[in-house]
Amino acid sequence: MSEKTNESFPRPEADSPENGRLFILSAPSGAGKTTLCKALLKLFPNLRYSISHTTRPPREGEQHGADYYFIPIEEFKKNIKLNLWAEWAEVHGHFYGTSAKFIESTLDKGSDILLDIDVQGARQILKRYPDAITIFIMPPSIDELEKRLQKRGSDSRLTIAKRLKAAEAEIAQKDFYTHEIINDSLSKAIEQLTDIINLPRKNR
Ligand code: ADP
Ligand code: 5GP
């Protein structure tokens, strides 16, 4: 994983009970984040998904403005200079970033936000929003992770090999997160996530 990150953005006002809350989900690619996020968005009407911007090309079936905003690298880098990212990082050779404007305006409206970002992004968000809730999703095993990446059928063999290698480095940082969930049974993982979202503020 690259260490390139955005440390320069100033911290906004302190967390207020009327504001929405931030839920950060991180996991090695293929562990099931996208599947879990989709399930949570159906269960929680006040939860908004933070659609990331990326310079990665779309996978088959991915929609601009729904899964990601797919943008050119020049635009991404210009936005770094303009401080438009709440966080950004280089992951698996592509840039990914979260719109600061989206986060601010959504929290102001009182909606909760679900972020699917890597550990570099999670660290940056926590600096700006110390009350953000961090959750690491673990695959039941590396063998199962490989099977899921193959089953998804969207990545080449080389990409899968790269992602499995990166998974080890990502898993090594899981203790940084407050919560850890093993996505073995999908329904159990959804239940555990639901319990975390339903916890009263001070207990998260
Ligand atoms: P991520 O977003 O973390 O890369 P996905 O949500 O795309 O992962 O899931 C990768 C593959 O694993 C998909 O084919 C998905 O249907 C499958 N999957 C997700 N969760 C489970 C689970 N608990 N059991 C079995 N397969 C799962
Ligand atoms: P994928 O290309 O498989 O969709 O995502 C690859 C990795 O990038 C995942 O670990 C995902 O969580 C992470 N990611 C997606 N969007 C963002 C983002 O906006 N910021 C950061 N830091 N990571 C992201």
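The values are calculated or read from the model by the stated rules, or taken from the named source; none is laboratory data. Just so it is clear, the model here is predicted, and its values are computed rather than measured. Counting neighbours? That spans all protein chains shown, and the Cβs are built from the backbone with ideal geometry, glycine included. What goes into the accessible areas is simple: the full protein's heavy atoms, side chains included, and nothing from ligands, DNA or RNA. Shrake-Rupley method; radii C 1.70, N 1.55, O 1.52, S 1.80 Å.
Do we have residue 114 as in contact with a helix residue (DSSP H, G or I) (Cβ under 7 Å, 6 or more places away or on another chain) and either surrounded by fewer than 20 Cβ atoms within 10 Å (Cβ to Cβ) or not hydroxyl-bearing (Ser, Thr, Tyr) (or both) here?
For residue 114, the condition - in contact with a helix residue (DSSP H, G or I) (Cβ under 7 Å, 6 or more places away or on another chain) and either surrounded by fewer than 20 Cβ atoms within 10 Å (Cβ to Cβ) or not hydroxyl-bearing (Ser, Thr, Tyr) (or both) - is met.
Given the criteria within 9 Å of ligand 1 (Cβ to nearest atom) and open to solvent by less than 20 Å² (accessible area, probe 1.4 Å), does residue 167 qualify?
When the stated conditions are applied, residue 167 does not pass them.
Test residue 123 against the stated conditions and say whether it is near ligand 2 (Cβ under 10 Å from one of its atoms) and in a loop (DSSP other than H, G, I, E, B).
Criteria not met by residue 123.
Can you find, within the stretch 55-89, the residue that is nearest to ligand 1 (Cβ to nearest atom) among those that are buried (at least 18 other Cβ atoms within 10 Å of the Cβ) and touching a residue at least 40 places away in the same chain (Cβ under 8 Å)?
Checking each candidate, the answer is 89.
Of all residues being modelled with pLDDT under 95 and open to solvent by 90 Å² or more (accessible area, probe 1.4 Å) in the stretch 176-202, which is farthest from residue 94 (Cα to Cα)? Just the residue, please.
Per the stated criteria, the residue is 202.
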